[in-house]
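Notes follow the structure.
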Amino acid sequence: MHVIPLNTDNSPSVILEMIFRLKIKNVMTKDVKTAERNSSMRHIQEIMKQERITGVPIVEGSRLMGIVSMEDLLSAMEQGKIEESARHNMTRNVIVLEEDMPLSFAINYMDKYHYGRFPVLNIHKKLVGIITSRDIVNHLLLEMNTEMTRLEELIPKTKAENDGPVKMNFMCHRFDFENAGRASTEIKKALKKRQIDRKIIRRIAVASYELEINQVVHSKGGRMKFDLNSDSVKITAADNGPGIENVEKALTEGFSTANDWIRSLGFGAGMGLPNVMRVSDEFNIESIAGEGTVVSCLIYTHPEKEKGEKE
Amino acid sequence: MKVKDLSDKLGYECLVSESNNEEISEGYCSDLLSDVMGNAPEDSVLITIQAHKNTVAVASLAGIKAILICNNRPAPEGMLSSATDEEISVFRTKDNQFTASWKVHAHLA
């Protein structure tokens, strides 16, 4: 009747954590209504009626001597002992719990002993509370509410991150090799969260990194813009000049205007823009000499929507 | 082979050990970062003389697990700290890229 239908072995881990994290002292009723051994059974009945409880621990000081339950009271009534003291009518061998035990113990005890309540003792064997199935159910529901709220807050956020359109912006500065690659690293992280195929992430990272390095190496600085949509990523690299004299040449593999210093760092091999073109599904470049360059490329993030064979 | 085999089996000096327990199945030898970016296989060790922060950025973006610096080139602190952040191990040897490449190749499955 007082069994709590909660499996303490293989429930979901959230529930298990809850019943192991919660201590009996967090759940029990601390304001215990007690009586003494020479209190009459009638007096105890009054307490139960007034307090709407079904069991009263019998104490001497704060030491637990026994308990009078509804059943004890009924049998006293049946035997005409209602005016007698609790001393001979109480249950003596009381099963108790300790306040520092996890809640799972109380649930197991309810199951095992079929009592509706257990007095709770502290480490010094002093009565400090009482725990009923009602206390347990109330606290579990409260705790589950808190936990569910927490879990619910997690779900919509990750969902939005997974599918929703996201825009990201990064500034690039001339010869700022210190921060070169930051935009690409960030974008790669964001794409990983969206669980996009590794190979496609790599193509996007290649395009992004080359465009970023181009701005650092060749431009007066610029901006990298990323539009993450449900089925594609668009990268727009717009710089503040100086513009490309001959766009066709710039797109030729091996052609580079980089100086020796830049080449010594491993850049300027004339592979940047050709690499971007190779990994992109759509590619566009516009440059006005003396003004600036805008390169945009689009990569589909879902293979079935890919146009053409790349890589 | 495991990343840590670069020092365990080949005796190369380990400067960052962040990815030492990862498996590498290929190697790539290049000093042109665009070439690395475009062509290096994933889960590989990059054998190079480019010892700076951008090598780490490229390795991370290309899915490279370890960097082996050749000719005992000095590795700046900034490179090592960003390798730690990106969880990429860094090793160094006095071997040149050619020698290092065939030594590593002998240990790849």
222 nm mean residue ellipticity, helices alone, for chain A (DSSP H n ≥ 4; -39,500 (n - 2.57); rounded to 500)
-12500 deg cm²/dmol
Per-residue [θ]222 nm for chain B (sum of -39500 (n - 2.57) over DSSP H runs n ≥ 4, rounded to 500):
-10000 deg cm²/dmol
From phi via Karplus (6.51, -1.76, 1.60), per-residue ³J(HN,Hα) for the range A:241-253 in Hz, x at Gly/Pro
x, x, x, 9, 5, 10, 4, 4, 5, 4, 8, 8, 4
Find which of A:MET224, A:ALA190, A:LEU211 sits farthest along the positive direction of the dipole of the range A:190-234, computed with +1 on the beta-carbon of Lys and Arg, -1 on that of Asp and Glu, about the Cα centre.
A:ALA190
Rounded, prolate or oblate for chain A? Axes are the square roots of the Cα gyration tensor eigenvalues, ordered a ≥ b ≥ c, and the cut-off for rounded is a/c under 1.5.
prolate
Rounded to the nearest 100 Å², what's the accessible area chains A and B bury against each other, both chains counted, probe 1.4 Å?
1900 Å²
Treating only the Cβ atoms of Lys and Arg (+1) and Asp and Glu (-1) as charged, compute the dipole magnitude of the range A:13-145 about its Cα centre; round to the nearest 20 debye.
200 debye
Round to the nearest 0.05 the FRET efficiency obtained for A:ARG174 and B:GLU87 when R0 = 41 Å and r is the Cβ-Cβ distance.
0.85
Taking every residue in A:181-194, how many Cβ atoms of other protein chains lie within 10 Å of its Cβ, on average?
2
If the chain between A:GLU152 and A:HIS124 were fully extended at 0.36 nm per residue, the gain over the current Cα-Cα distance would be 5.9 nm
In the protein assembly as shown, what percentage of the DSSP-assigned beta bridges are antiparallel, given to the nearest 5?
75 percent
Taking the dipole of the range A:13-145 about the Cα centre (Lys, Arg +1; Asp, Glu -1; charges at Cβ), the one of A:VAL14, A:ILE136, A:ASN26 that reaches farthest to the positive side is A:ASN26
Got a sec to turn the phi values of the range B:36-46 into Karplus ³J(HN,Hα) couplings, 6.51 cos²θ - 1.76 cosθ + 1.60 with θ = phi - 60°, whole Hz, x for Gly and Pro?
4, 4, x, 10, 5, x, 6, 6, 10, 10, 8
What order, most packed first, do the peptides B:84-97, B:14-27 have when packing is the mean number of other Cβ atoms within 10 Å of each residue?
B:84-97, B:14-27
Hey, if you put +1 on the Cβ of every Lys and Arg and -1 on every Asp and Glu Cβ in the protein assembly as shown, which of A:GLY270, B:TRP102, A:MET101 ends up farthest toward the positive end of that dipole?
A:MET101
Taking chain A and dividing mean pair separation by its residue count, relative contact order in percent (alpha carbons under 8 Å, at least six apart):
14 percent
Which of the aspartates and glutamates could a cross-linker span from A:LYS125 if the Cα-Cα distance has to be under 18 Å and same-chain partners fewer than 8 positions apart are dropped?
A:ASP31, A:GLU36, A:GLU60, A:GLU98, A:GLU99, A:ASP100
Modelled FRET efficiency - R0 60 Å, A:THR91 with A:ASN240, Cβ distances, 0.05 increments
0.10
Counting other chain Cβ atoms within 10 Å of each Cβ in B:57-67 and taking the mean gives 4
Tell me which aspartates and glutamates have Cα within less than 13 Å of A:LYS167's Cα, excluding those fewer than 8 residues away on the same chain?
A:GLU186, A:ASP227
Can you give me the distance in nm between label points at A:MET144 and A:ARG37, each placed 7 Å from the Cα along the Cα-to-Cβ direction?
4.3 nm
How much area per residue is accessible in the protein assembly as shown when the probe is 1.4 Å and only protein heavy atoms are counted (Å²)?
52 Å²
Taking a 29 Å limit on the Cα-Cα distance, which of the listed pairs A:LYS25/A:LYS81; A:LYS199/B:LYS2; A:LYS249/B:LYS65; A:LYS188/A:LYS220; A:LYS188/B:LYS53 fall beyond it?
A:LYS25/A:LYS81; A:LYS249/B:LYS65
Computed over the range B:5-107, the relative contact order (Cα-Cα under 8 Å, seq sep at least six) in percent reads 32 percent
Output the residues of the range A:253-289 meeting this criterion: accessible area (heavy atoms, 1.4 Å probe) in the chain alone minus accessible area with all protein chains in place is 10 Å² or greater.
A:SER264, A:LEU265, A:GLY266, A:PHE267, A:ALA269, A:MET271, A:ASN275, A:ARG278
Rounded to the nearest 20 debye, what is the charge dipole size of the range A:127-240 about its Cα centre when +1 sits on each Lys and Arg Cβ and -1 on each Asp and Glu Cβ?
500 debye
For the range A:201-217, residues shielded by at least 40 square angstrom of accessible area compared with the chain on its own, probe 1.4 Å:
A:ARG202, A:TYR209
Under 5 Å, built H, 5+ apart or other chain: amide partners of A:MET65:
A:ILE58, A:VAL59, A:GLU60
Using the Cα centre of the protein assembly as shown as the reference point, and only Cβ charges (+1 on K/R, -1 on D/E), how large is the resulting charge dipole? Debye, rounded to the nearest 20.
1120 debye
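The values are calculated or read from the model by the stated rules, or taken from the named source; none is laboratory data. Keep in mind the model is a prediction, meaning the values are calculated, not measured. Counting neighbours? That spans all protein chains shown, and the Cβs are built from the backbone with ideal geometry, glycine included. Each accessible area value is taken on the protein alone, full model and side chains, heavy atoms only, with ligands, DNA and RNA left out. Shrake-Rupley method; radii C 1.70, N 1.55, O 1.52, S 1.80 Å.
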